[in-house]
Amino acid sequence: MQTKKILLTLAVSAMTLMAGAAPKPKTDMKTFIDDLMGKMTLQEKIGQLNLPVTGDIVTGQAKSSDVAGKIRRGEVGGLFNLKGVDQIREVQRIAVEQSRLKIPLIFGMDVIHGYETVFPIPFSLSWSWNMDAIRESARIASQEATADGICWTFSPMLDIARDPRWGRMSEGNGEDPYLSSAIARAMVEGYQGQDLSANNTMMSCVKHFALYGAPDGGRDYNTVDMSRWRMFNIYMPAYKAAVEAGAGSVMTSFNVVDGIPATGNKWLMTDVLRDMWKFDGFVVTDYTAISEMIDHGMGDLQQVSALALNAGTDMDMVADGFVGTLEKSVREGKVTTAAIDQACRRILEAKYKLGLFDDPYRYCDSKRAKKEIYTAEHRAEARKIAAETFVLLKNEGQILPLKREGKIALIGPMGNTRANMPGTWSVAATSDKYRSLYESMQAAVADKATVTYAKGSNLMYDADLEARCTMFGREMRDPRDAREMLDEALRIANDADVIVAAVGEASEMSGESSSRTDLTLPDAQRDLLAALKATGKPMVLVYFSGRATVMTWEHENFPSILNVGFGGSEAGDAICDVLFGDKVPSGKLTATWPKNVGQIPLYYNHLPTGRPLAEGAWFTKFRSNYLDVDNDPLYPFGYGLSYTTFAYGKPSISNTTMNANGGQLTVSVPVTNTGNYDGDEIVQLYVRDLVASVSRPVKELKGFERISLKRGETKTVTFTLTPEELKFYTQDLEYKNEPGDFEVMVGPNSRDVQTLKFTLQ
């Protein structure tokens, strides 16, 4: 009898769970969503538009938190920054078993450049110019994040940055629209794969739409003001490329566009994004972007919420503007139920495409979390990719690569910090598992050499400034007196055969809300380097940076400089791979490095001026130049050296004319490895439109190829040009090419090129 009761209880429980499960998709997406929305109240539809933050909400807390109550009432469409598959499963259970309609939540996170296996920050990653590697980094990030319950990432960031004072240059791909567009496609493909409903792919979110990387003064969140002609030719292509690659969502930017905040800008969100580019996903705001429109002077919370919805924004991140005001706005005729229905539908469609209605727990397999996160395979790939990003800026006297012998002194504040290796926006990083550069160097030399370490200085003398530069657990302030730290460094330096100075930015000196007006090396580190130079020892600078910095003094005073950016969780080992010659540096810059901050904005694809400075000249009165410094950058776009050398032969062109209707031509150049190491070279192709209806840049990147060459080997690199690569937006925003003369240039960077000519007919 007791057994029968138990069996009956189990059967009833099973039926209850089945009844409480999320609805299953029917014949097709439209039919399914039509049926679901027919059952939804207005409040429940508005609830789908609400994206609150959870922080570190954990199992148990969710049950009693306000967030949990909102989920039960159908007032939440998704959550972000909740980490851990068990926690996510628990919160999802509330949605699909305790709410009226059992609609699953979408879970997002800032998976920017990896999950627990962290790849180089996006700016550093772009220095590889390797689309396969970039795509693979996104794929691995997707695999790890989905194994931990995440199905939506706020990446890629595709904001063109021409002003390195802006700290979020670190999160983008540099200054060039062509390269950034290629990276956009690779990232979206890596995240979303071939099947968005697979449990190891996640939806990408293109950000920040639009123009976020061009704030006045390089100050984050500040005003952006530019012509639509510049928008479409320079800033829009990468966003558009991501949309064309199938990105499932787009995030609004904080700034104004044509005087109207992007979040409430109908021209941007509807006319351009949906009508012109045919985007069919959903639009989410950035953090509190709706309520921030109040400070922009656009009205109270109800007004700005209505403005955002009517503009085409679908989901409100954190501001509680939609969930708090839209019902009232409907009653007052300020928004329509049709607009709410449209936004709700787009979010439900995203959940359908992710397969959440079919299985709301598809991303909640704890077995995957144990097997697929921070694996040896993923770490090896991250290490390999990181080594491809490092840029050798200078190597006079061939100090690099280092030999595994003698005494090596590692000195500098970046030499022994685990937490700063991953770089900014590494929110899922587990830094205690990572190696510092010092730990990696010790492992790299084993018993073949001796590595000693001294910090030498703090990041800077100003303790308050350093505190602002090392937030989020990246603190590294040493309480010792500056003289004591320097003396320790000099003792080990004088006893060493070679000095490796690990200096530059800490990880949070670049990133969001990390704008800088002074881009030179901070004072304490500069004094440290000057003292180390005075020892007369051979010296290598390992330079950490999340942006284009001013390195004029370093370039003038030190023979060997390796810019490592921020290489991710495996940065320490990857740096050692290059330092000791196991890998040959091959990265090339994707932004222009200025000689001083007064040259900013400085970028290679600038427009010509009516009073150009003669080539090779510095100052000529009544020409476009400065009194105190020449116009040239310290390091041009596309620049990077190697341990080996490459010789470019004479380029050739298949034809001197191209038919504008379906024609094409090829440009070929032989490249020879003339040095003593096998190595990779990134060959670059640029084009200039000599005469057009609007002024055109002095050169534009239109092709690149990364090649591997053995010592003494020659390969011919061939680029194909079509009329499509010659198109641009006219003053009337017509996208077309125009017949006329063109220059085509090939070389190892944007400065050192050989030029040919052709005519478009």
field: Cβ pairs under 8 Å, 6+ apart, first in region 639-654 and outside the structural domain of Arg711 (by TED's automatic domain parsing), second surrounded by 21 or more Cβ atoms within 10 Å (Cβ to Cβ) and modelled with pLDDT under 95
entry: none
task: Report the residue count in region 236-254 for those that are in a helix (DSSP H, G or I) and in contact (Cβ under 8 Å) with a residue 60 or more places away in the chain.
output: 5
message: Please list, ordered by residue number, the strands (runs of 3 or more DSSP E) wholly in region 637-756 having 3 or more residues that are of a type outside the set (Gly, Ala, Ser).
response: 665-673, 679-689, 700-709, 714-721, 740-747
message: Quick check on my filter: what residues within region 183-201 are surrounded by fewer than 21 Cβ atoms within 10 Å (Cβ to Cβ) and either of a type outside the set (D, E, K, R) or within 13 Å of Phe704 (Cβ to Cβ) (or both)?
response: Gly193, Gln194, Leu196, Ser197, Ala198, Asn199, Asn200
query: Restricting attention to region 346-404, which residues are assigned to a loop (DSSP other than H, G, I, E, B) and closer than 30 Å to Thr270 by Cα?
result: Leu354, Gly355, Leu356, Phe357
- prompt: Does region 255-295 hold any residues that are of a type outside the set (A, V, I, L, M) and part of a helix (DSSP H, G or I), and which are they?
  reply: Thr263, Gly264, Lys266, Trp267, Thr270, Asp271, Arg274, Asp275, Ser291, Glu292, Asp295
Residue list for region 654-684, restricted to those being at pLDDT 95 or above, more than 30 Å from Gln398 (Cβ to Cβ) and not polar (S, T, N, Q): Met658, Ala660, Gly663, Leu665, Val667
- request: Return a yes/no flag: does region 40-48 have any residue that is within 22 Å of Asp286 (Cα to Cα), at pLDDT below 95 and either within 35 Å of the chain's Cα centre (by Cα) or among the hydrophobic types (A, V, I, L, M, F, W, C) (or both).
  value: no
task: Those residues that are assigned to a loop (DSSP other than H, G, I, E, B) and over 22 Å from the mean Cα position of the chain (by Cα), I need them from region 518-527; list them, please.
output: Asp518, Thr520, Leu521, Pro522
- prompt: If you go through region 512-547 one residue at a time, how many are in contact with an Asp or Glu (Cβ under 7 Å, 6 or more places away or on another chain) and at positive phi?
  reply: 1
field: Answer residue from region 530-564, given it is free of Cβ contacts under 8 Å to residues at least 40 places away in the same chain and under 18 Å from Asn596 (Cβ atoms) and is surrounded by the fewest Cβ atoms within 10 Å (Cβ to Cβ) among those
entry: Glu556
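The values are calculated or read from the model by the stated rules, or taken from the named source; none is laboratory data. Predicted model, so just to flag it, every value in this text is computed and none were measured. Quick reminder, even Gly has a Cβ in these numbers, built from the backbone with ideal geometry, and neighbours come from all protein chains shown.
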